[in-house]
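The structure appears below as structure tokens.
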Amino acid sequence: MMMAMIGSNKAFLMSTTAAATATAMNTFELFNSKPNVIEKKRNRASVSYDAPKRKLPVLLFDVMDTIVRDPFYQDIPAFFGMPMKELLECKHPTAWIEFEKGLIDEDELARKFFIDGREFDLEGLKDCIRSGYSYLDGMQELLQALRDDNFEIHAFTNYPIWYKMIEDKLKLSAYLSWTFCSCNTGKRKPDPEFYLEVVEHLGVEPCDCVFIDDRPSNVKCAVEIGMRGLCFENADSLLKDLSHLGINVSLPNI
């Protein structure tokens, strides 16, 4: 009987030793296995903590007669040698809109521009328009101040492929991204679907956007879908309107 007890105790001691060894090995593997679980969790936390936070609000700017002078009202009638009223009466009612939405190219625009189909110098017209582009007073300085303050700025404009002529001359991309142009989306302001596509693309809530446009109807639509909207008059008034939203910038000298 004594021998049986000794054998039993020996077996118990061996099993206890094996369990302790296994526990020690599991602990060793936990802290030294590759990849290290604890280290991976620490790394994930570190990445999350260090990730830059997106600055809000996102600023959405109309371009023509908000940032850039629009040649349409003076230069184009002068090019054709007729007053604006006459030009509006004889030009095709939808050709320019179709061009802005990217539905027709510039050759088709030239064929459809006038209701009576008269020919004109398309390249001459483009040169006239190009020469008429210029920054509105104070807007280049304001855009630079907003850019220097790390605001995210996008163009949100009704304009045809000729926006590239604006970029070539004025280099707006130094201050904003040509993200939302009607010729690339097939939609024009104030179509609410255009605004909703903008919000979806940006991955923000409408209230996280400030939209600036010289046309009240376009601003009204922005407000109706939940954006904050500012109707542009000039750079000084816009500076004040932005400050009321908590966006305070100091204008540099360029």
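Data for the structure
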| quantity | calculated |
| --- | --- |
| Among the residues listed as Glu197, Glu233, the single one being open to solvent by 10 Å² or more (accessible area, probe 1.4 Å), within 19 Å of the chain's Cα centre (by Cα) and of a type outside the set (Ser, Thr, Tyr) | Glu197 |
| Test: Ser217 is over 21 Å from Cys181 (Cα atoms) and either open to solvent by less than 70 Å² (accessible area, probe 1.4 Å) or part of a helix (DSSP H, G or I) (or both) | no |
| Subset of segment 106-122 [exposed (fewer than 12 other Cβ atoms within 10 Å of the Cβ) and under 19 Å from Tyr159 (Cβ atoms)] | Asp107 |
| Matching residues in segment 195-249 - criterion: being hydroxyl-bearing (Ser, Thr, Tyr) and under 19 Å from Asn158 (Cα atoms) | Tyr195, Ser217 |
| Unmet criterion (only one of (1) over 30 Å from Ser131 (Cα atoms); (2) under 19 Å from the mean Cα position of the chain (by Cα)) for Asp213 | (1) |
| Answer from Ile97, Ile76 - the residue that is part of a helix (DSSP H, G or I), within 16 Å of Asp127 (Cα to Cα), in contact (Cβ under 8 Å) with a residue 40 or more places away in the chain and not assigned by the TED database to the domain that holds Ala235 | Ile76 |
| Ser243 being part of a helix (DSSP H, G or I), of a type in the set (Ser, Thr, Tyr) and open to solvent by 40 Å² or more (accessible area, probe 1.4 Å) | yes |
| Options Pro192, Pro160; residue that is touching a residue at least 12 places away in the same chain (Cβ under 8 Å) and surrounded by 21 or more Cβ atoms within 10 Å (Cβ to Cβ) | Pro160 |
| Subset of segment 123-152 (residues that are open to solvent by less than 30 Å² (accessible area, probe 1.4 Å), closer than 30 Å to Thr94 by Cα and of a type outside the set (D, E, K, R)) | Gly124, Leu125, Cys128, Ile129, Gly132, Tyr133 |
| All positions within segment 208-221 that are in contact (Cβ under 8 Å) with a residue 60 or more places away in the chain and either of a type in the set (Gly, Ala, Ser) or more than 21 Å from Asp70 (Cβ to Cβ) (or both) | Asp208, Cys209, Val210 |
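The values are calculated or read from the model by the stated rules, or taken from the named source; none is laboratory data. Since the model is a prediction, treat every value here as computed from it, not as a measurement. Note that each Cβ is placed from the backbone with ideal geometry, even for glycine, and that neighbours are counted across all protein chains shown. Remember, those area values only see protein heavy atoms, side chains included, never the ligands or the DNA or RNA. Shrake-Rupley method; radii C 1.70, N 1.55, O 1.52, S 1.80 Å.
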